Structure formats: C-alpha cells, structure tokens
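The values are calculated or read from the model by the stated rules, or taken from the named source; none is laboratory data. The model shown is predicted, which means the values in this text are computed figures rather than measured ones. Heads up, the Cβs are rebuilt from the backbone with ideal geometry, glycines too, and the neighbour counts pull from every protein chain shown.
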Amino acid sequence: MARVEGVAAPPKTAKGRETRERIVTAASELIHARGVAETSVDDVIDHADASKSQLYHYFDDRSALVRAVVAHNANGVLDGLPPIESWSAMRSWLDALVELQVARSARGGCPIGSLVGQLSESDELARLELATSLERWRVHLREGLSSMRAAGKLDRRADPDELATATLAAIQGGLLLTQASRDPAMLKSAVDAAYAHLRAHATIGRRA
C-alpha cells in the first residue's frame with residue numbers, strides 16, 4: 001500500500017474501506033466514552049472486532065489512528081451542518097444544539113472541541129487537524145452571516161468574520177460548561193447570549 005508522509009493511502013477496495021471505517025468508528029466511540037489516554041490499541045481492536053494486523057495495515061501507529069478519529073469526528077459534525085441564511089435558521093440550529101445535549105444527558109461534549117485539550121499539547125499534527133476542523137465550522141457560520149448581510153437581514157456594517165468567531169466561541173464554551181456540569185442549561189445560556197449578540201446587528205425591521 002502506498003504511503004505519503006508516513007500515512008497509509010486510502011484503501012482501494014470496498015472491503016478495505018469498510019474495515020478501516022469500522023476501526024475508526026470503534027476508536028471514536030471509545031474515545032468519546034473514555035478519553036484518548038484511557039483508550040488503547042487493544043481496546044479498539046476488541047471493540048472493532050478486528051485484528052492487530054488489520055489495524056496496523058491502515059494506521060502506522062496509535063497517533064495516526066487518533067488523528068483519523070479527529071477527521072472522522074469533524075466530518076460527523078460538519079457535514080451535517082444546515083444552511084444558516086436567516087434568523088429563524090440560526091435560532092433553530094442553536095436550539096438543536098441544546099436539544100442534542102439534553103438527549104445525550106450532557107455527556108461527551110463537542111466531538112471536536114473535547115479533543116483539543118487532550119491532544120493539542122502532545123500531538124502537533126492532531127492540533128493542526130483540530131484547528132482546521134474548527135475553522136471549517138467558523139467559515140460555515142461566516143458564510144451564512146455573509147449571506148444574511150447580502151440579503152439585508154444583517155446590518156451592512158456588521159463583520160461576519162468577527163460574529164462567526166464570537167458565536168463559535170460561545171458554543172464551544174457552553175458545551176465545555178455543560179459537559180463539566182452535566183447541565184444543558186449552561187449551553188442554552190451561552191447560545192442565547194450568542195443569539196442576542198447576533199440580533200444586535202440585525203437590520204431594523206428584519207425579523208426572519
């Protein structure tokens with residue numbers, strides 16, 4: 001199997017892709033439940049019903065597997081982000097974040113943000129992957145706010161870039177507090193404040 005910069009190339013067969021995805025999904029589930037430090041390669045092998053040779057066929061080492069989990073988690077969060085091009089869409093999306101934490105009993109935190117503290121100081125490649133993932137999220141918000149400004153729903157003097165950064169920071173902070181307290185009300189307070197901040201930049205008379 002060809003390798004680029006020490007990373008195995010994507011599997012060429014459907015069976016290979018399925019096996020690799022099963023291993024990454026198993027690792028993601030264990031890390032979500034236990035954390036990175038408490039998840040071993042042997043744990044992943046058992047949970048994925050795979051062999052050690054299969055795991056090392058697709059990943060050079062445990063660090064490569066963890067970075068694959070970062071990408072997996074990011075895609076799981078970001079590929080499902082809805083268009084946010086109206087005030088009602090923004091409100092509905094923020095409310096959905098809170099509802100998800102209620103359904104999860106406020107456990108696990110953000111699949112992306114919860115890994116930052118665990119990996120950023122020990123794995124530079126993972127840190128870069130996490131930074132890229134969070135930037136994708138921020139850009140999605142910025143593009144939605146830019147569309148709202150172009151449509152006259154957001155004041156033309158508002159800066160979508162700054163508003164996107166502040167909104168994402170509020171979400172991540174709220175998720176962190178919710179995870180620590182096991183109280184989704186923490187996230188609700190954070191997103192309510194973020195929404196109020198955004199609405200302060202709304203064009204007068206545009207409520208939708």
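Some notes on this structure:
- Qualifying residue in the range 187-195 (condition: within 25 Å of residue 34 (Cβ to Cβ) and either modelled with pLDDT under 95 or more than 13 Å from the chain's Cα centre (by Cα) (or both)): yes
- The range 53-80, residues that are more than 19 Å from residue 20 (Cα to Cα) and in contact with a Leu (Cβ under 9 Å, 6 or more places away or on another chain): none
- Pairs with Cβ under 6 Å, 6+ apart, first in the range 193-205 and surrounded by 18 or more Cβ atoms within 10 Å (Cβ to Cβ), second of a type outside the set (A, V, I, L, M): 194/167; 201/155
- Number of residues in the range 28-54 that are under 18 Å from residue 123 (Cβ atoms) and out of contact with any Gly (no Cβ under 9 Å at 6 or more places or on another chain) equals 11.
- Any chance residue 158 is surrounded by fewer than 20 Cβ atoms within 10 Å (Cβ to Cβ), in contact (Cβ under 8 Å) with a residue 24 or more places away in the chain, part of a helix (DSSP H, G or I) and not aromatic (Phe, Trp, Tyr): no
- Of 92, 147, 181, 86, all but one fail to be hydroxyl-bearing (Ser, Thr, Tyr) and closer than 24 Å to residue 37 by Cβ; the exception is 181.
- Residue 95 under 20 Å from residue 23 (Cα atoms) and acidic (Asp, Glu): no
- Matching residues in the range 120-155 - criterion: being in contact with a Ser or Thr (Cβ under 9 Å, 6 or more places away or on another chain), aliphatic (A, V, I, L, M) and free of Cβ contacts under 8 Å to residues at least 24 places away in the same chain: 131
- Residue check for residue 53: modelled with pLDDT of 95 or more and not β-branched (Val, Ile, Thr): no
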